[in-house]
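Enquirer: Quick one: structure below, then a few questions.
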Amino acid sequence: MIQKTTAAITAVSGFLPEDKLTNFDLEKMVDTNDEWIRTRTGISERRILKGEGLATSDMVVPAVKLLCEKRGISPEEIDCLIVATVTPDMVFPATANIACDKVGAKNAFGFDVSAACSGFLYSLTLGASMIESGRYKKVVVCGADKMSAITDYTDRNTCVLFGDAAAAVLLEPNHDGYGIQDSLLKSDGSGVAYLHMKAGGSLKPASIETVTAKQHFAFQDGQPVFKAAVKGMADVSAELLEKNNLTGEDIAWLVPHQANLRIIDATANRMGLSKEKVMINIQKYGNTTAATIPLCLWEWENQLKKGDNIVLAAFGGGFTWGATLVKWGS
Ligand code: UT7
């Protein structure tokens, strides 16, 4: 019998900048306080990539290097690098191209995926399809964002939320049914009004006016995004379980995008999952956009067991959202 090829996650890695920005640091920068941030978001501190000339690719590179070391392969063996990001080094070329060069992935092609906080799930689904097609053997999927580059540290509505990080997984063919099982991905462009960067694209190229008006920073109208996120993430996760004839009891772990602890709790409740089954590290890193989900996998890697059913779920700018079912295979 010919066994179907699935895409297994065979290695996980990440990169966290050393510098920490705590709630107490933010108290000195804007009119906020530790208690408000913790109770409304769950965040205590976040990491910031500091240093002249350092960009998102400088977090992708150590993450990919570590990934290769852990798997015992050379970067030259990578077929494709997909980088999910909304903070590319440049508008073009893709950060993935730059990172492939810096890491010595000479035989890889690479491209970026722009799907904000759902970028990792979109990219993972793409990468898995590439493996399932039989055409590629080693696809690296990396979520990476230097959110500090597009955060206005005079705006208390947004500056308390975001952090910088990168994390990556390696996808390889598997013939025993492990790896990415299913994905439900959604988008609704009418959500653009609530979460976006106003200028710097072709709609409003950079000008003195756009800089003066602070339009090169992430803008968010928090409440509508919060409402859509609670519903979107919970609904899509429940739909994924139902589609695969699973209940919360069959799930070993929920890996939610880390935007707000209250959104995470709502999703876990809807799936009937107790808190012990939910990966949460938002208190340490804040919202690192495309990096949150693989960052959790990296941190919890040692607790994952072969055969564990894991649901990854995200909601973010676009709007974009989705959920992916993984059978852990390593
Ligand atoms: O990852 C991409 C997707 N993004 C999300 O999923 C984020 C979704 N949204 C949220 O998580 C929440 O809406 C926030 C955490 C962004 C905000 O929490 P909220 O409970 O929705 O607060 P709010 O925006 O309704 O603001 C409540 C009050 C306001 O004051 P008034 O108008 O009631 O006097 C804000 O001005 O809190 C004030 N506020 C703050 N106070 C202290 C807003 N930011 C701060 C702050 N410190 N940092």
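Enquirer: Counting other Cβ atoms within 10 Å, keep those with at most 14, restrict to DSSP loop, and tell me which trypsin sites (Lys or Arg not before Pro) in the range 230-330 are left. Mind showing how you got there, number by number?
Expert: Details: sites: LYS231, LYS243, ARG262, ARG270, LYS275, LYS277, LYS284, LYS305, LYS306, LYS327; in loops: LYS305, LYS306.
Hits after loop and neighbour filter: LYS305, LYS306.
Enquirer: Over the chain, with a Gaussian network built from C-alpha contacts below 10 Å, which listed residue (GLY134, GLY248, GLY318) shows the highest mean-square fluctuation?
Expert: GLY134
Enquirer: Here's a follow-up. Tell me, what % of the accessible area of the chain is carbon and sulfur with a 1.4 angstrom probe?
Expert: On the way: 7500 of 14380 Å².
That share works out to 52 percent.
Enquirer: What pairs in LYS137/LYS243; LYS20/LYS137; LYS4/LYS65; LYS231/LYS327 have C-alpha atoms more than 32 Å from each other?
Expert: LYS20/LYS137
Enquirer: Then there is this: So what does TYR194 come to for accessible area, using a 1.4 Å probe and Å² rounded to 10?
Expert: About 80 Å², ignoring ligands and nucleic acids.
Enquirer: At 222 nm, what value in deg cm²/dmol follows for the chain if DSSP H runs of at least 4 each add -39500 (n - 2.57) and the sum is divided by all its residues, to the nearest 500?
Expert: Details: 11 runs with 106 residues, N = 330.
After summing the helix terms and dividing by residue count, I get -9500 deg cm²/dmol.
Enquirer: If you don't mind, there's one more thing I want to ask. Under the √(5λ) rule applied to the eigenvalues of the Cα gyration tensor, what semi-axes describe the equivalent ellipsoid of the range 105-260? Give them in Å, descending. Mind dumping the intermediate values first?
Expert: Details: eigenvalues 209, 96, 36 Å².
The equivalent ellipsoid of the range 105-260 has semi-axes of 32, 22, 13 Å.
Enquirer: Evaluate Rg over Rh across the chain, taking Cα atoms for both radii and Kirkwood's formula for Rh. Present the calculation step by step, with values, prior to reporting the outcome.
Expert: Numbers: Rg = 18.8 Å, Rh = 19.7 Å.
Reported Rg/Rh (Cα atoms, Kirkwood Rh): 0.95.
Enquirer: Using the heavy atoms of the protein chains alone and a 1.4 angstrom probe, what is the accessible area of the range 234-330 per residue in square angstrom?
Expert: Details: 3400 Å² over 97 residues.
For the range 234-330, the per-residue accessible area is 35 Å².
Enquirer: Using a Gaussian network model on the chain with a 10 Å cutoff between Cα atoms, which of VAL91, VAL255, VAL83 fluctuates the most?
Expert: VAL91
Enquirer: Restricting things to alpha carbons, tell me how big the range 1-54 is in terms of Rg and Dmax, in Å.
Expert: In order Rg, Dmax, the Cα atoms of the range 1-54 give 19.7, 65 Å.
Enquirer: Still on this structure: Enumerate by residue number the GluC sites (Glu not before Pro) in the range 212-250 meeting two conditions: DSSP loop (anything except H, G, I, E, B), and at most 10 other Cβ atoms within 10 Å of the site's Cβ. The partial results should precede the final answer.
Expert: Working: sites: GLU239, GLU242, GLU249; in loops: none.
Answer by residue number: there is no such site.
Enquirer: Using only alpha carbon positions, build the gyration tensor of the range 6-177, then give the equivalent ellipsoid semi-axes as the square roots of 5 times its eigenvalues, largest first, whole angstrom.
Expert: Details: eigenvalues 211, 53, 37 Å².
Sorted largest first and rounded, they come to 32, 16, 14 Å.
Enquirer: Taking only protein heavy atoms into account and a 1.4 Å probe, give the accessible area per residue of the range 18-113 in Å². The partial results should precede the final answer.
Expert: Details: 4870 Å² over 96 residues.
Per-residue value: 51 Å².
Enquirer: For the chain, what is the percent of antiparallel DSSP beta bridges, rounded to the nearest 5? Write down the numbers at each step before the final one.
Expert: Values: 40 of 56 bridges.
For the chain, the DSSP antiparallel bridge percentage is about 70.
Enquirer: Between PRO294, PRO205, PRO224, where does the largest GNM mean-square fluctuation fall for the chain, given springs only between Cα atoms within less than 10 Å?
Expert: Maximum fluctuation in the GNM of the chain, among the listed residues, is at PRO205.
Enquirer: Let me ask something else about it. Once you compute Rg and the Kirkwood Rh from C-alpha atoms, what is the Rg to Rh ratio for the range 181-327?
Expert: Working: Rg = 16.9 Å, Rh = 16.3 Å.
Computed over Cα atoms, the ratio is 1.04.
Enquirer: Something else: To the nearest Å, what is the center-to-center distance of the range 198-216 and the range 53-68, using C-alpha atoms only?
Expert: Cα centres, the range 198-216 to the range 53-68: 28 Å.
Enquirer: Which of the GluC sites (Glu not before Pro) across the range 57-165 are loop residues per DSSP, with 11 or fewer other Cβ within 10 Å? Intermediate values should be presented prior to the final figure.
Expert: Working: sites: GLU69, GLU76, GLU77, GLU132; in loops: none.
Within the range 57-165, no GluC sites (Glu not before Pro) qualify (loop, at most 11 other Cβ atoms within 10 Å).
The values are calculated or read from the model by the stated rules, or taken from the named source; none is laboratory data. Only a predicted model underlies this, so the values are computations on that prediction, with no experimental measurement involved. Heads up, the Cβs are rebuilt from the backbone with ideal geometry, glycines too, and the neighbour counts pull from every protein chain shown. Please note that ligands, DNA and RNA were not included when accessible areas were found on the heavy atoms of the full protein model with its side chains. Shrake-Rupley method; radii C 1.70, N 1.55, O 1.52, S 1.80 Å.
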